[in-house]
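Let me begin by presenting the structure, written as C-alpha cells, before commenting on it.
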Amino acid sequence: GISRFCNKQLKLLDAPFMLNGRELNVTASIGVSVYGEDAQTTTDLIRNADIAMYQAKKRGRNQYAIFSSELHRDISENIEIENRLRLAIRKRQIEVYFQPQVQLMHSEIVGFEALARWTDKEMGVISPQKFITIAEDTGLISDLGDLILDKALSQFKQWHEAKPSLTLSVNLSASQLQDDDLIPLLKRKISEFAINPHQIKLEITEDIFISNIDTSIQITSQLKKLGFQISLDDFGTGYSSLSYLKDFDIDELKIDRSFVDHIETSERNKAIVSAMLVMAHVLSIDCIVEGVETEQQLIELQKLGCTLFQGYFFYRPMPANGIDLLLQPDLPVPIG
Ligand code: C2E
Ligand code: MG
Ligand code: MG
C-alpha cells in the first residue's frame with residue numbers, strides 16, 4: 001500500500017520537466033505518517049511526517065521514509081545529546097586524545113593525530129562520530145572545533161618545542177571546511193601558540209573533499225598558502241579516488257583502515273594498497289596507513305612499501321600525559 005504509492009510518486013517525478021524550453025530534473029523526499037497509528041491529531045501527524053521526511057533526505061533523497069517510534073526515539077535522543085553537548089562545550093569538558101604515528105624506517109614517533117573524546121556523566125562515552133555529526137547538524141561545530149584546536153595545540157606546543165619535527169594532525173569536518181571563520185581561526189591559533197603551520201596536517205576526508213570539490217580546492221589552496229599541510233583522510237573509500245589527485249596540492253594520503261582488514265588474505269586489498277602507494281609516490285605525496293592492528297598486517301604492509309603507520313598495534317589514542325611519558329628521551333618504539 002504505502003510503499004507502492006510512494007514509489008509511484010517518485011517514479012512520476014523521475015521524468016524531466018520542460019520549463020521555458022529547458023529540461024529540469026526534480027526529485028522528492030517523502031515522509032509518511034499514519035493517522036491513528038502514529039498520531040491522533042493533525043499536528044502530530046504533520047510533525048511525524050516531517051520527521052520521516054528528514055530521514056528520507058538524510059538517506060540520500062529521492063526516497064521515502066515511514067515514521068516509526070524508533071525514529072522518534074532517535075531524534076529525541078539526539079536533542080538530549082545536543083543539549084548536553086552544548087553544556088559540555090561551554091564547560092570545556094570535551095577532551096582531546098592523541099594517537100602516535102610511527103615511521104618504521106627510523107623506528108620513531110613522527111607525529112600524532114588529535115581525536116576528540118567526550119564522556120557525559122549520565123550518557124557515558126559518546127563516540128566522536130556521533131557527537132560531531134550532531135554538532136554539525138546543530139551549528140555547535142564551530143565552537144567545538146575551536147575548543148578541540150585550542151586543547152590540541154596547547155598540548156602539542158610543548159612537544160613541538162622539545163622536538164620541532166613532530167607533526168599534529170587535526171580533523172576538519174564538512175561544515176568547518178565551509179565556515180568563513182576557518183582561516184581566521186587557524187591563523188589566530190597558530191600565532192597564539194606560536195606553532196609553525198607546516199607542522200600541522202589538516203585532515204579532510206576524501207568524501208567531504210569530493211562532495212564539494214570546488215570549495216575544497218579553493219579552501220585547501222588558501223590553507224596551503226598559509227603553510228598548513230593537507231591530508232586526505234579515509235582515502236580509498238570515496239568514489240572517484242584517483243583521477244582528481246593530480247590536480248591538487250595534497251601532502252598526504254591516509255589509506256583507510258578498510259584496506260588493512262584482511263590484508264593478509266585479500267589479494268585484492270594488497271593490489272589496491274600497492275596501487276595507491278605507487279600513485280602517491282609518482283605524485284610525491286606521503287602515505288600513511290591507519291588502523292594497523294596486528295603484526296601480520298604490518299608485515300604485509302611493509303612488503304608493499306608502507307613506512308608510515310598509525311594503529312592499535314603501535315599505540316591507541318591516549319590522553320596528553322601518556323604522550324608526555326612516551327616522548328621521554330631514549331624510549332624506543334615498542335616494535336621490532
Ligand atoms: P578518523 O579521522 O579516520 O580517525 C581514526 C579513527 O580510527 C579514530 O576513531 C581512531 O581511534 C581509530 N583507530 C586508530 N587506530 C585504530 C586501529 O588500529 N583499529 C581500529 N579499529 N580503529 C583505530 P575515533 O577516535 O573514534 O574517531 C572516529 C572519527 O571521528 C574520526 O575518524 C574522525 O572522522 C572523527 N573525529 C574524531 N575526532 C575529531 C575531531 O576532533 N574533529 C572532527 N571534525 N572529527 C573528528
Ligand atoms: Mg583522521
Ligand atoms: Mg580515517
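What follows draws every value from the coordinates through simple rules; no lab data is involved. Note that the structure is predicted; figures quoted are calculated from it, not measured. Here the Cβ is made from the backbone with ideal geometry for all residues, glycine too, and neighbour counts use every protein chain on show.
What to note about this one:
- Sequence-distant aspartates and glutamates (8 or more away, or on other chains) whose Cα lies within less than 14 Å of Lys303: Glu264, Glu267, Glu295
- Cross-link table Lys91/Lys157; Lys121/Lys201; Lys157/Lys270, entries beyond 29 Å C-alpha to C-alpha: Lys121/Lys201; Lys157/Lys270
- Beta bridges by DSSP in the chain, antiparallel share as percent, to the nearest 5: 40
- Largest GNM mean-square fluctuation across Gly31, Gly21, Gly124, computed for the chain with C-alpha springs under 10 Å, falls on Gly21.
- Using R0 = 41 Å, the C-beta based FRET efficiency linking Gln9 and His262 works out to 0.45.
- Loop-located trypsin sites (Lys or Arg not before Pro) in segment 72-123 (DSSP state not H, G, I, E or B) with no more than 13 neighbouring Cβ atoms inside 10 Å: Lys91, Arg92, Lys121.
- Using C-alpha pairs below 8 Å separated by at least 6 residues, the relative contact order for the chain is 13 percent.
- Sequence-distant aspartates and glutamates (8 or more away, or on other chains) whose Cα lies within less than 18 Å of Lys254: Glu113, Glu203, Glu206, Asp207, Asp233, Asp234, Asp286, Glu290, Glu293, Glu300
- Spatial offset of segment 10-70 relative to segment 96-153 amounts to 35 Å, using the alpha carbon center of each.
- In summary, the lysines within cross-link reach of Lys57, defined as a Cα separation below 20 angstrom excluding same-chain residues under 8 places away, comprise Lys8, Lys11, Lys130.
- Residues considered: Pro184, Pro16, Pro319. Largest GNM mean-square fluctuation over the chain, using C-alpha springs under 10 Å, is found at Pro16.
- Length gained when the stretch Ser221-Lys187 is fully extended (0.36 nm per residue, less Cα-Cα span): 10.8 nm
- Exposure proxy for Leu104, Leu153: other Cβ atoms within 10 Å of each Cβ, ordered fewest to most, give Leu104, Leu153.
- Global geometry of the chain, whether rounded, prolate or oblate, following the gyration tensor of its Cα atoms and the 1.5 cut on a/c: prolate
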